[in-house]
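Colleague: My questions will all concern the structure given below.
The values are calculated or read from the model by the stated rules, or taken from the named source; none is laboratory data. Small disclaimer: the values here were computed from a predicted structure and weren't measured. For neighbour counting, all protein chains shown are included, and Cβ atoms are generated from backbone atoms with ideal geometry for every residue, glycine included.
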Amino acid sequence: MCQDGSSKTLLLNPDKTEAVVFGMRKRLPQLHLSRGLDVSGTRIDFAESIKLLGVVLDASLTLEKHVLDVVRGCHFHIRALRHIRPLLTSDAAKTFAVAIVSSRL
């Protein structure tokens, strides 16, 4: 308790807090996940997937969404490279393309 009688505690921001239940694809539909999770009076809905430290984790841990996200990011940046491609040598363009893909992996 503070001197003024108020309590200084950490609160969850429901707009930024995510929760996911991991399990086998056959078992997940059997769970009643529509209610969400109640944490200290704050309702947190379950998500299909979450992004944690740059890795997209889906409920069945297949990494399909993560691979799709990485491929989408690589494709975007390689297509953006075409705008400056006329200004680069062939070797420089190859080096940039490899660096773009390697940094995402």
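Colleague: Contact list please: Cβ distance under 8 Å, first residue in segment 59-86 and within 16 Å of SER103 (Cα to Cα), second residue surrounded by fewer than 12 Cβ atoms within 10 Å (Cβ to Cβ), pairs at least six apart or on different chains.
Modeller: Listed pairs, sorted by first residue: VAL70/LEU105.
Colleague: Can I ask one more? Checking the condition in contact with an Asp or Glu (Cβ under 9 Å, 6 or more places away or on another chain) and either over 30 Å from ARG104 (Cβ atoms) or outside the structural domain of ARG104 (by TED's automatic domain parsing) (or both), which residue from ASP45, ASP38 passes?
Modeller: Just a single option satisfies the conditions, and that option is ASP45.
Colleague: Quick one: how many residues across segment 21-43 are modelled with pLDDT of 80 or more and touching a Ser or Thr at 6+ places or on another chain (Cβ under 7 Å)?
Modeller: 1
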